[in-house]
Structures are given as C-alpha cells and as structure tokens.
1. Residues in the range B:316-333, backbone N under 19 Å from the label point at B:Lys63 (7 Å along the Cα-to-beta-carbon vector): list them, ranges by number please.
2. How would you rank B:161-168, A:73-80, highest first, on the average number of other Cβ atoms within 10 Å across their residues?
3. Round to the nearest 10 and give me the degree value, 0 to 90, for the angle of helix B:423-435's Cα axis relative to the longest principal axis of chain B.
4. Taking the Cα centroid of the range A:47-84 and of the range B:470-532, what is the distance between the two, rounded to the nearest whole Å?
5. Could you tally the net charge around B:Asp456, taking each other residue with its Cβ under 13 Å from the Cβ of B:Asp456, Lys/Arg +1 and Asp/Glu -1?
6. I'd like the mean, over residues of B:140-152, of how many other protein chain beta carbons sit within 10 Å of each residue's own Cβ.
7. Counting only other chains, what is the mean number of Cβ atoms within 10 angstrom of the Cβ of each residue in peptide A:57-67?
8. In terms of the Cα gyration tensor, with a ≥ b ≥ c the square roots of its eigenvalues, is chain B rounded because a/c is under 1.5, prolate because a/b exceeds b/c, or oblate?
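None of the figures in this text is laboratory data; all of them are computed from the coordinates on show. Bear in mind that the values here come from a model prediction, so they are computed numbers and not experimental data. Backbone-built Cβ (ideal geometry, glycine too); neighbour counts: all protein chains shown.
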Amino acid sequence: MGMKKFFKQVKHLLGLEDFIESEKKKKSIKELLSKLHARKREIKELLKSKLSKKERHELKDELEIISFHIKNGKKILAELYAKK
Amino acid sequence: MFKKILLPTILIILSYGFWISPNFKEISSGIAIFLFGMLSLEEGFRAFSGGILEQILQKSTDKLYKSIGFGIITTTIMQSSSLVSVLTISFLGAGLIGLTQGIGIILGANIGTTSGAWLMATFGLKVKISAYAMPMLVFGVIFIFQKNKQLKGIGYILSGLGFLFLGISYMKEGFEALKNAVDLSSFAIGGFSGLLIFIGIGILATIIMQSSHATIVIILAALSVGQITYENALALTIGANIGTTITAIIGSLSSNIDGKRLAAAHFIFNMITAVIAVVILHQMIYVVDIFSGLVGIGGDNHTLKLAVFDTLFKVMGVVIFLPFIAKLVKFLESTFKEDIIKSGIDTVRYLNDSVLELPATSLAAIIRETKHLYDNTFEIICQGLNLKEKNIASTISISEVIKDSYSDEPVDIEEYYENRIKGIYSEIVSFATKAQASMTPSDIDILYKIKLANRDLVEALKATKHLQKNLLKYTKSTNVNIKEQYDIIRKNLAELLRNMNIIATTDEDHIKMVLLSKIKVTIEKQDVLTNGTIDTLIRNSLITNTMASSLMNDSYYAYEIGKNLVAMAEVIFMDVRHFTAGVGMSSEDVKEITERKG
C-alpha cells in the first residue's frame with residue numbers, strides 16, 4: 001500500500017476526511033462573513049451621512065445583496081455545525 | 001542535415017568500436033545501462049509528482065535562497081537535474097513560479113548534481129556496487145508490475161538505482177580491462193590547447209549522452225584507473241557543465257518564452273562560470289589541494305579531488321552570480337520578448353507541452369490562458385461598444401465614459417474574433433482535451449467548467465457583434481426616444497464592464513462576490529421587455545415597429561453579454577474550488593430580489 005493510500009485509509013477510518021474538509025469550509029465562510037459584516041457596518045455608517053439620491057439607492061442595493069450573502073453564509077455554517 | 005547524419009554516424013562509430021574492442025563494448029554498455037537507469041529513476045519520481053512535489057515546489061520557492069535550496073535537495077535526492085529542470089520549466093510556463101525562482105532552482109540543481117560525483121568517488125569506485133544492483137533490480141521489477149501508482153514509482157526508482165549501479169560497475173571494469181590493452185593516458189595533451197580540446201570533448205560527450213551526470217561518472221571511472229590525467233579530467237568536467245546547457249536549450253525550443261529565458265539563464269551562468277574556471281584554473285587546483293588536505297583527502301586521490309573541484313566550481317558560480325540575478329532577469333525579459341501579436345494575430349501564451357507534464361500546471365496554465373482570452377474579449381467588447389478601455393478602468397463617471405467614443409467608424413468584430421479569439425479559443429479546447437488524460441475526476445470537472453467559461457466569453461463577444469450595428473445606428477438617431485434607449489444600453493454596459501474590470505483585478509473575494517451578485521440583479525432589471533419600457537414606447541407611438549423589434553433584440557443581446565461574462569467570472573475569477581461558493585447568489589435568489597423590488 002502506498003503512503004498516500006495509507007494516510008487516506010487512516011483518515012477515512014477515523015472519519016477525518018469529512019472533518020478536515022468541513023473545518024476548511026467553516027474557516028473560509030467565517031472569514032468571508034467577517035468581511036461582509038465589516039462592509040455592512042461601513043455601508044450603514046455611510047447611509048447616515050449626506051448622500052445624493054443615486055448614491056443612497058446604490059448603497060441600499062449593495063446592503064441588500066450583502067445581507068443576502070450573510071444569510072446564505074450563516075445558513076451553510078449552521079448546516080456544517082449541525083452535521084457535527 | 002546535420003541532425004540526419006548524426007545518428008547514423010554515431011551508430012557506425014559505435015559498431016566499429018564494438019567490433020575492434022570488447023572493452024569499448026563493455027564501457028559503452030555501462031554508459032547505456034547508466035543512462036537507462038537515469039530514465040527509469042526519472043519515471044519513478046514522476047509517479048510522485050502528482051501533488052506532494054508541486055506543493056513543496058510552490059511553498060519552498062517564494063524566496064531566492066529557498067529556490068536554491070530546493071534545487072540542491074531535489075537534485076541530490078532524484079539524481080537528475082534534467083527532471084528538476086523539466087519540472088521548473090513546467091511550473092514557470094504555468095506561471096506558478098517566477099523567472100527569479102526558476103533561476104534559483106536551476107542554480108541549486110547545478111550544485112545538487114555534484115552529489116553524483118561524490119557518490120561515485122566515495123562509494124561507487126571503492127565498493128563492488130554491482131552486488132547491490134541485482135537485488136534492487138529484482139525488487140524494482142516486482143514493484144513495477146504492481147497496479148498501484150506509488151508502488152510502480154518505487155519500482156522504477158529501485159530499478160533505476162540498480163541500473164545506475166550496474167552501469168557504473170560495467171564502466172569501471174571496462175576501463176580497467178582497457179588499461180591492459182591501450183593506455184589512453186598516453187593521448188593526454190598538456191597546456192592550454194589540451195585544456196580547450198578536453199573541454200570540447202566534455203561538451204560533445206554531454207550533448208550525445210544528454211546528461212552531464214553520466215559524463216562526470218565516466219570521467220571518474222576513467223580517472224580512477226588512470227586512463228586520463230587529472231588535468232584533462234578537470235577540463236572534461238568544465239566541458240560537461242557547458243554541454244548540459246546545450247541539452248537544456250534544445251529542450252526549451254518546444255517550450256514557451258519563460259522556458260527559453262530559463263534555458264538562456266542556465267547557458268549564461270554555466271558559460272561564464274566555465275570561462276572564469278579556465279582563467280583561474282591553477283588557482284582553483286591550488287584551493288582544491290588545500291581543501292583536500294584539510295579534510296584528509298590524499299594528494300594522489302584524484303577522483304575525490306575531482307569531486308571537490310566539481311563542487312567548488314559550481315558553488316563558486318552560484319556565489320558569483322547571486323548579486324546579479326535581478327539584472328539577469330531584467331536582461332532576459334528585455335532580450336526574449338513575447339511575440340504577443342504577430343501581424344495582428346494573437347496566439348496562446350501559457351499553453352505548451354512543458355506544462356502538460358503535471359496536471360496541476362496544466363490546469364493553472366488553462367486558467368491563465370482563459371484570463372488572456374478574457375483580456376482580449378474585454379478589449380474587443382469595449383471597442384465594439386465604442387468605449388475606451390482606459391476610461392472603463394479609470395474612476396471617471398460613466399456619463400463621461402460614454403461621451404468619450406473610441407472611434408467614429410465601427411470596428412470589425414468578426415476580424416478581431418478571427419485574429420485574437422478563435423485561435424486561442426481552439427487551442428484552449430484542444431489543450432484541455434490533451435491535459436484531461438492525466439487528470440483526476442475532480443480536476444476534469446473543474447476543466448469542464450473552465451471550457452464552459454471560454455465558451456461564455458465567445459458568446460459574449462458574439463452578442464456584442466449583433467448589438468454593435470444598431471447601437472451605432474440608433475445612438476446617432478434623430479428619434480430622441482430610441483436614442484435615449486440605446487444610450488441607456490451603452491451606459492449600462494459600460495457600468496457592467498467597469499464592475500467586471502474590478503472583479504478581474506481585485507484579490508478580495510467578498511468584493512468579487514458582491515459585485516457579481518449586483519450585476520446579476522441589475523441585468524435582470526434592465527430587460528426592456530420585462531420592465532415594461534417597450535410597451536410604453538409602442539403604446540405612445542414614440543418609436544417605429546422596426547425600432548421596437550431592434551430594441552427588444554438588442555436589449556436581449558446586452559443581457560446575454562452580462563449573463564455570459566458573469567458565468568465566466570464565477571469560474572475564472574472566483575476560485576472554482578473555493579469553499580465559499582455556496583454563499584453566492586443562485587438564479588432563484590436573484591429572482592427573489594428582483595421580484596421584491598418590483
């Protein structure tokens with residue numbers, strides 16, 4: 001048995017394959033969510049200031065999209081924790 | 001012509017040699033077995049180049065000293081600088097490492113090859129190594145017959161080492177027997193002319209055998225039995241070092257510009273080092289004597305002293321060159337320029353046989369080539385919409401961008417497609433087919449998505465071509481209503497292209513994700529048929545029926561441009577293997593948002 005196959009089988013036996021994959025996924029999503037949250041806060045601050053109608057409209061659109069991504073991200077993260 | 005007569009000439013000379021001298025036959029068979037061993041060793045290491053080697057290469061070459069260290073270690077382990085060079089050219093071609101790192105690896109590999117001389121001088125000539133060869137060959141062949149790729153690899157490595165040992169043994173015995181019949185050392189030539197002649201022989205022998213490693217082993221075998229003088233052996237070693245670069249130059253002819261630059265760097269480095277060594281040869285011999293005395297090598301132990309000379313010679317070259325690497329890179333980049341557009345026809349930049357060596361590099365090269373195709377498509381779309389690319393990439397307002405037209409005359413998109421898209425597109429498709437033969441199912445899946453991304457680019461361009469005619473016509477129309485609608489299409493597309501440019505240039509995934517979603521939502525809202533614009537214009541007789549049908553079609557073409565560019569960007573600019581892919585917006589999400597906005 002090759003070393004690679006050996007490690008693969010050990011990881012499979014201990015159920016580590018899914019664990020490693022899931023941990024990587026969680027880490028990536030958490031990082032993305034933190035950046036999206038930061039941008040959300042930034043937009044909310046900007047919306048408090050004096051803006052043109054067009055700028056305000058664009059920021060609101062972006063806020064809505066970011067909220068959507070955050071919702072999606074949280075949902076995936078919850079699913080990953082539920083699997084555990 | 002020379003190539004055609006070279007092989008028959010070599011075969012005739014060898015046949016004549018075998019006929020007149022059984023010892024020559026033994027030495028030649030030793031060389032042949034040794035070279036076969038090297039090929040087998042390379043094959044064995046290739047079996048392990050499916051992941052670990054690439055990961056190590058990428059992680060250990062971010063600094064120059066690390067690249068040199070990597071070159072030394074891998075060449076010492078694999079006993080083949082040519083395999084290390086092939087991998088380096090492959091990674092360089094795929095853009096995974098830079099030219100500086102590539103040069104670092106080659107310099108390290110040069111030092112790494114000296115391990116072969118040390119092994120031969122300390123172990124190969126003193127022990128009856130053929131005794132070790134036989135079990136290695138037996139175990140090696142058993143492993144080669146196994147189905148498992150790694151076991152097969154180990155089999156090739158073992159049998160490779162077995163053949164190397166067997167070859168060395170044959171060469172040694174051949175030279176010993178030859179000594180009783182002919183004393184080759186009587187042909188030794190002293191002085192400067194002797195030095196040049198033996199350098200020439202070293203170059204020629206290395207070119208013929210395609211391996212400096214093999215040349216140095218022969219030199220050591222001949223030197224150990226006194227068939228050549230120490231001084232002539234030094235000259236042969238210098239020659240072997242030059243000869244190996246010619247092998248690399250021949251190999252680089254089929255590679256891309258980076259491969260050629262690397263081969264040129266290798267040639268310049270070895271050539272200058274050789275010239276310096278010739279100039280200061282006596283001083284070097286003196287240093288070798290001092291060093292040998294310090295480490296306990298006897299004054300008459302010429303084989304070990306040759307190994308010391310080989311190491312000193314190569315380390316000296318690296319030390320001399322280190323401060324000039326940045327300048328060398330600059331020189332090579334200005335001397336070997338890419339033939340980006342020859343007579344208006346653009347060709348592939350990253351796809352060549354050298355990157356096909358490894359699945360990881362071929363995938364990376366296809367992604368880079370798709371980005372190249374994207375750059376061309378982006379430029380042509382800008383011109384087709386009569387927009388200046390530099391304005392799109394700037395921060396000036398979109399209304400100013402659309403005012404500053406590219407040209408009064410329409411650009412011929414069909415001609416651009418023929419010259420700058422079609423060739424690259426078909427090369428990508430053909431290369432992808434070749435590359436997938438050695439890929440895993442998950443890589444093939446990614447490759448499929450990349451192929452679709454390429455098709456999306458072509459579709460976006462075709463939509464631009466359809467849109468162009470009416471866009472130019474109606475933006476100059478006297479009917480203000482239709483002019484207004486086409487100005488809006490142009491403005492929306494300019495906005496889309498600006499966002500695409502940000503997506504293509506930023507490294508921040510969350511920015512790319514938000515912008516892609518923004519584009520998806522925006523293009524859904526912009527369709528004149530669904531947003532009711534066309535009904536209002538017809539109902540109020542503000543445009544003719546012909547104008548209405550044109551507007552309806554062209555609005556769809558504008559939508560197609562956006563849709564295809566977004567689909568392409570999700571594959572090429574967002575990492576296709578990214579774990580956050582599910583966070584992006586699906587078509588259902590887009591529909592929900594657009595419906596909510598009414």
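1. Only B:319, B:322-326 fall inside the zone, counting backbone N under 19 Å.
2. Highest-to-lowest ranking by the protection proxy: B:161-168, A:73-80.
3. Tilt relative to chain B: about 50 degrees.
4. 22
5. Charge balance in the 13 Å sphere: +2.
6. The mean count of partner-chain Cβ atoms within 10 Å per residue comes to 1.
7. 3
8. prolate
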